[in-house]
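The values are calculated or read from the model by the stated rules, or taken from the named source; none is laboratory data. All values derive from a computational prediction rather than experimental measurement. Every residue, glycine as well, gets a Cβ built from its backbone with ideal geometry; the counts of neighbours run over all protein chains shown. SASA here: full protein model, heavy atoms, side chains in, ligands and nucleic acids out. Shrake-Rupley method; radii C 1.70, N 1.55, O 1.52, S 1.80 Å.
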Amino acid sequence: MGRLGTALPGLATDLVADVDRRLAGIPAPAGTSSPALVAELRWTRRVLVSLHAQEALAGALLPEPPTSRTAAGAALTALAAARARGVPDAQVIAAEPVVLALKAPSLRDRPRTPDARVPEQGDGGTGGGGPHRASEQDPRHADHPLTRSPAPSPVPGLPPREALRLRIRWVQELQVRLAREAARRTRLDVERLALLRWTEVAAALEGGPLPADAHTRVPPSASPALPDAFRLAEGEVVVAEHHDDHRDDSRGDGNGNRGLGASRGRAVGTAWDGTGPRPPDAVLVVRTLDPALAPLLPDLTGLVAQTGSPLSHLAVLAREFGLPAVVGAAHAVRRFPPGSRLSLDGTTGDVRAGEAP
């Protein structure tokens with residue numbers, strides 16, 4: 001394992017360079033032949049396996065300092081710089097592809113510049129407030145590949161794991177755009193294309209027929225949102241765990257004020273739920289640490305969440321930006337309604353109403 005850990009940074013650098021070269025040479029999906037479209041889709045499937053494998057190894061074998069730079073942090077910086085330059089939101093992703101690190105891939109919704117607001121809690125983190133179906137004339141929906149002018153360029157200062165994560169997101173975006181073109185050629189909407197197996201998609205693009213039941217397949221039903229705390233009972237049934245507001249445990253203070261410190265530092269501010277005017281000293285109080293909250297972080301005073309882990313993506317990003325954050329704060333949304341004053345300690349996990357004593 002020691003030899004692998006020593007070699008891994010070089011292997012990651014080589015893989016990242018290979019991916020960047022390939023992305024830079026891929027033409028627009030609409031201009032490729034069907035065999036070429038299948039070949040590019042096959043490549044995205046293969047390279048994602050390699051990228052994910054090396055990213056997992058990097059996480060297991062390569063030590064990273066707590067303040068290591070992240071792709072999401074680089075994306076937030078690039079987004080702010082682009083807006084400061086006056087780049088229209090419709091062109092930000094094309095000008096700064098690193099911004100895609102802030103948006104999850106989606107077949108249904110075209111990538112948009114992240115909204116500076118809280119997404120619907122439990123909506124899957126799209127941050128879009130529902131399907132967005134702009135016309136093909138909308139310039140942000142121009143069906144160019146990720147790599148067309150300007151092409152993705154290296155983001156300096158990223159450790160190997162974060163560089164790999166960024167390429168995973170870029171390849172996912174290319175895969176989504178190729179899949180949309182495949183849906184157009186097979187005369188399926190993208191939601192129905194997603195119900196096909198890969199072999200069925202490839203066969204249809206290569207001139208074969210669609211499966212007989214392609215137009216009648218039913219997507220799986222959405223799972224209900226999980227409660228804040230739960231356990232799996234017999235038969236894998238989710239059972240909610242209920243805690244007293246004034247519970248006293250090994251990390252509590254007897255007043256139900258203690259969560260888990262996720263990003264050190266103290267803050268005093270005004271509770272904000274992400275809707276309506278933002279207070280100048282806003283402490284965002286949410287139920288879940290949705291990754292789509294990332295664009296809000298630079299302008300916050302603090303962050304409190306009912307659920308989540310200090311190892312979550314958003315907690316890591318809060319540490320990168322030096323934003324005090326607490327997770328696992330029971331009933332935080334109810335205890336700290338918008339406009340109320342609260343104080344938090346991101347080291348101890350203490351969250352309480354009013355000014356800190």
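Leaving ligands, DNA and RNA out of it, report the carbon-plus-sulfur percent of the accessible area of the stretch 262-343 at a 1.4 Å probe. C and S atoms contribute 58 percent here.
Pairwise Cα distances in the stretch 42-106 exceed 20 Å for 47 percent of all pairs.
With all protein chains present, how much of the accessible area of the stretch 10-60 (probe radius 1.4 Å) comes from carbon and sulfur, to the nearest whole percent?
59 percent
In debye, nearest 20, what is the charge dipole magnitude of the stretch 38-99 about its Cα centre with +1 on Lys and Arg Cβ and -1 on Asp and Glu Cβ, if you could check?
Here the stretch 38-99 has a charge dipole of around 100 debye.
Applying 0.36 nm per residue to the separation of Ser340 and Glu234 and subtracting their alpha-carbon distance, the gain on full extension is 34.0 nm.
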